[in-house]
Amino acid sequence: MLTISDSRTEEDDESGRLIRQRLEENGHRVLFYSIVKNDAGAIRQKIDELLRQEALQVIITSGGTGISHRDVTVETVSPILEKKLDGFGELFRFLTYQELGTGSIMSRAIAGAVGGKVILCFPGSVGAANLVMDKIILPEIGHLVREATR
């Protein structure tokens, strides 16, 4: 689990804490947690490091998916993906639209698979974390892992 932010610390990373807690409450092990700056090189380096960990099946990133000049998660992760899961971002934006309205167009949530591992990237707000965990990730994580490792 990576939080991508220039301002968050482990003490105030509510979204990261929520994601880890929800995963563990639902029987999943969180093998890694780190906060990475909104820097393409740092993000790429950390993801490459995680992809080499054999036991790791899913990489979740929270943050850096907006449209500000500092938001580089999508540009950094997209070229790594061997298989893109366009439905993840589409569903996330649809669900966000139902809750927040047209501001959902600014979310660039993405997901895909590489080397038999799943990567899920979404906004860093607590609301986004709650939504994506409840409505997408927890219901589908097992299925995603099974399909990515076949």
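What follows is calculated from the coordinates using simple rules that are stated; it is not laboratory data. The model shown is predicted, which means the values in this text are computed figures rather than measured ones. Positions of Cβ are generated from backbone atoms using ideal geometry, with glycine treated the same way; all protein chains shown enter the neighbour counts.
General remarks:
- Measuring spread by the Cα atoms of the chain yields a radius of gyration and Dmax of 14.0, 40 Å.
- Sorting 108, 29 by the number of Cβ atoms found within 10 Å of their own Cβ, with the fewest placed first, yields 29, 108.
- Available extension along the chain between residue 143 and residue 31 is 38.4 nm, counting 0.36 nm per residue and deducting the alpha carbon span.
- Local electrostatic count, residue 106, Cβ distance below 15 Å [Lys/Arg +1, Asp/Glu -1]: 0
- Cα-only radius of gyration and Dmax that characterise the stretch 83-150, units Å: 12.1, 38
- The modelled label-to-label distance for the pair residue 83/residue 125, using points 7 Å beyond Cα in the direction of Cβ, is 3.2 nm.
- In range of the label at residue 14: residues from the stretch 120-150 whose backbone nitrogen is under 12 Å from the point 7 Å along Cα→Cβ: 125-130
- Part-to-part distance (alpha-carbon centres) for the stretch 17-43 and the stretch 72-89, which is given in Å: 17 Å
- Residue order, fewest to most beta carbons within 10 Å, for 47, 35, 67: 67, 35, 47
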